[in-house]
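The values are calculated or read from the model by the stated rules, or taken from the named source; none is laboratory data. All of these numbers come straight from a predicted model, not from anything done at the bench. Here the Cβ positions follow ideal geometry from the backbone for every residue, glycine too, while neighbour counts run over all protein chains shown. Remember, those area values only see protein heavy atoms, side chains included, never the ligands or the DNA or RNA. Shrake-Rupley method; radii C 1.70, N 1.55, O 1.52, S 1.80 Å.
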Number of protein chains: 2
Amino acid sequence: METQDIDYRAEAVNLGGYLAFDETAAGRRPGVLVFHEGLGLGEFAMARARMLAELGYVALAADMFGDRRQARNLQEVVKLVGDLRNEPEKLRARGSAALTTIAALPQVDANRIGAIGFCFGGSVVLELARDGADLKAAVSFHGVLATRMPAASGKVKASVLVCTGADDPLAPPEQVKAFEDEMRGAGVRDWQVISYGNTLHGFTNPAADGSMMRSALYSAQADRRSWASMRSLFEEVL
Amino acid sequence: METQDIDYRAEAVNLGGYLAFDETAAGRRPGVLVFHEGLGLGEFAMARARMLAELGYVALAADMFGDRRQARNLQEVVKLVGDLRNEPEKLRARGSAALTTIAALPQVDANRIGAIGFCFGGSVVLELARDGADLKAAVSFHGVLATRMPAASGKVKASVLVCTGADDPLAPPEQVKAFEDEMRGAGVRDWQVISYGNTLHGFTNPAADGSMMRSALYSAQADRRSWASMRSLFEEVL
């Protein structure tokens, strides 16, 4: 497997992505964007990119904060994430820059691109889907589902899969309900929500042990199940 | 594959089940109960039993109405289902009789039994789970999730999977929410709810074309996805 740093830009911001793919494969393959959690692009999202490359996808772990910045504590997470959440247009533009970048790669079939995201990255994926991005699939793992710019009718192209912890305080039941109502209202062609019982925030990340965020806890079971559901969707639509 | 009619009893009622298994396999294997829709035990549930047998399970399609009675129209469905719904103890006893029957089969490992059900059968599966039945897995496909006897704390042993249509009027969002609250409240160890967008009642059954019940409509996509999720759960826990 080949991995490379890959620089791209959104307006004046330098973004430092990370690419993983099977360099021995021939021809154009489906591409998958990976959007990082609130901590920034680090080992977790890179490992997911490599897992996707092992499955045959060209995976680009995007940088949403610029210069591959990483938060060192929860205060920095709140600041970095908040700056983008308060300006959804900027957030969308930054996510779109990653999509443009992966679509332009010679080994990628630009008609078969999916996106996944974790925590904050889950919200990014959903914002791109709401924005009508050319994604075949959009998968959120324990992402916040609320938005300042709900999907307009007929706008969403992606098959949407939301994997959420039933006890995640960042995506409580009323937020899940509002999201489902948003999907219905916008006539989204294909969407699913999987709710895992006894599951908190951050369930895919073994580092989530409640130390940084009390409500984030790894669950091997929910991690395995949600990854399997993502794979099934990709096999179906990518 | 071998298929057989298999008679058993619950109190004074004769129940006419249908067994499917690979007769060339040796040793005890996991068993799966299949509970029929409101129409009664017919070709649909039998076909699912054969599909499970092809996957290596010993499958027993249960008879919940007695003498393998089948409803000819919606009025009969309402009557047959209503009689059992109004007496959840009777419903549970009848479901348990199927469990006792499959557990006693020489080719079945009684410690590895799962149950699935469709529409009315989904409710039966959930009632058995609530009753503390010795099931490793309980899967409801477009079942009604409401109950007169909510699960008591610590009682449920099965891993519960609910596959539901987001637009199913028989399991509307407030009912799904109440079910999730029930699972939380009862401290059910393992439960998941998958909600499929743009999906009505009866989505697994190609015969559901809106003619008998306006709100029942087959969805090849939701059928395929829910069956795959059931298989994943069985591979995990059976």
Q.
Any residue that is within 24 Å of B:Asn111 (Cβ to Cβ), open to solvent by 60 Å² or more (accessible area, probe 1.4 Å) and among the charged types (D, E, K, R) - is there at least one of those in segment B:138-158?
A. yes
Q. Are any residues in segment B:141-152 away from chain A (no Cβ under 14 Å) and either touching a strand residue (DSSP E or B) at 6+ places or on another chain (Cβ under 9 Å) or without any contact (Cβ under 8 Å) to a residue 60 or more places away in the chain (or both), and if so, which ones?
A. B:Phe141, B:His142, B:Gly143, B:Val144, B:Ala146, B:Thr147, B:Pro150, B:Ala152
Q. Going through segment B:189-217 one residue at a time, which ones are within 14 Å of another protein chain (Cβ to nearest Cβ) and closer than 20 Å to B:Pro169 by Cβ?
A. B:Val193, B:Ile194, B:Ser195, B:Tyr196, B:Gly197, B:Asn198, B:Thr199, B:Leu200, B:Phe203
Q | Qualifying residues in segment A:199-218 (those that are farther than 24 Å from A:Gly114 by Cα and open to solvent by less than 30 Å² (accessible area, probe 1.4 Å)) - the one modelled with the highest pLDDT | A | A:Thr199
Q. Here are A:Val139, A:Val156, A:Val144: which of them is closer than 30 Å to A:Gly27 by Cβ, in contact with a Lys or Arg (Cβ under 9 Å, 6 or more places away or on another chain) and hydrophobic (A, V, I, L, M, F, W, C)?
A. A:Val156
Q.
Taking the conditions exactly as written (open to solvent by 40 Å² or more (accessible area, probe 1.4 Å), in contact (Cβ under 8 Å) with a residue 40 or more places away in the chain and facing another protein chain (nearest Cβ under 10 Å)), does A:Glu236 satisfy them or not?
A. yes
Q) For segment A:173-184, does any single residue satisfy the condition of being part of a loop (DSSP other than H, G, I, E, B) and farther than 19 Å from A:Gly117 by Cβ? A) no
Q: Just one of (1) more than 22 Å from B:Gly187 (Cα to Cα); (2) not in a strand (DSSP E or B) trips up A:Arg224, so point out which.
A: (1)
(Q) Within segment B:59-68, does at least one residue satisfy the condition of being surrounded by fewer than 17 Cβ atoms within 10 Å (Cβ to Cβ) and over 13 Å from the mean Cα position of the chain (by Cα)? (A) yes
Q.
Out of the residues in segment B:29-58 meeting the condition of being of a type in the set (Gly, Ala, Ser) and either under 20 Å from B:Gly202 (Cβ atoms) or at pLDDT below 95 (or both), tell me which one is most open to solvent (accessible area, probe 1.4 Å).
A. B:Ala47
Q) Across segment B:159-169, what is the number of residues that are away from chain A (no Cβ under 12 Å) and open to solvent by less than 10 Å² (accessible area, probe 1.4 Å)? A) 1
Q) Out of the residues in segment A:170-188 that are within 7 Å of another protein chain (Cβ to nearest Cβ) and in contact (Cβ under 8 Å) with a residue 24 or more places away in the chain, which is surrounded by the fewest Cβ atoms within 10 Å (Cβ to Cβ)? A) A:Val188
Q: Tell me, please, whether a residue that is under 18 Å from B:Val124 (Cβ atoms), without any contact (Cβ under 8 Å) to a residue 60 or more places away in the chain, out of contact with any His (no Cβ under 9 Å at 6 or more places or on another chain) and not in a helix (DSSP H, G or I) can be found in segment B:16-34.
A: yes
(Q) Among (1) open to solvent by 20 Å² or more (accessible area, probe 1.4 Å); (2) part of a helix (DSSP H, G or I), there is one condition B:Leu126 misses while meeting the rest; what is its number? (A) (1)
Q. Does any residue of segment B:7-28 turn out to be over 15 Å from B:Ala97 (Cα atoms), in contact with a Phe, Trp or Tyr (Cβ under 7 Å, 6 or more places away or on another chain) and surrounded by fewer than 23 Cβ atoms within 10 Å (Cβ to Cβ)?
A. no
Q.
Pairs needed: first member in segment A:81-95, within 14 Å of A:Ala12 (Cβ to Cβ) and open to solvent by less than 20 Å² (accessible area, probe 1.4 Å); second member anywhere, among the β-branched types (Val, Ile, Thr) and assigned to a loop (DSSP other than H, G, I, E, B); C-beta distance under 7 Å; at least 6 residues apart or different chains.
A. none
Q.
Out of A:Glu2, A:Glu43, A:Glu11, I need the residue that is among the acidic types (Asp, Glu) and within 17 Å of A:Pro106 (Cβ to Cβ). Which one?
A. A:Glu2
Q. If you check B:Lys79 against the conditions, is it touching a Leu at 6+ places or on another chain (Cβ under 7 Å), over 15 Å from B:Gln4 (Cβ atoms) and among the basic types (Lys, Arg)?
A. no
Q: For B:Leu233, indicate whether it is over 14 Å from the mean Cα position of the chain (by Cα) and over 21 Å from A:Arg225 (Cβ atoms).
A: no
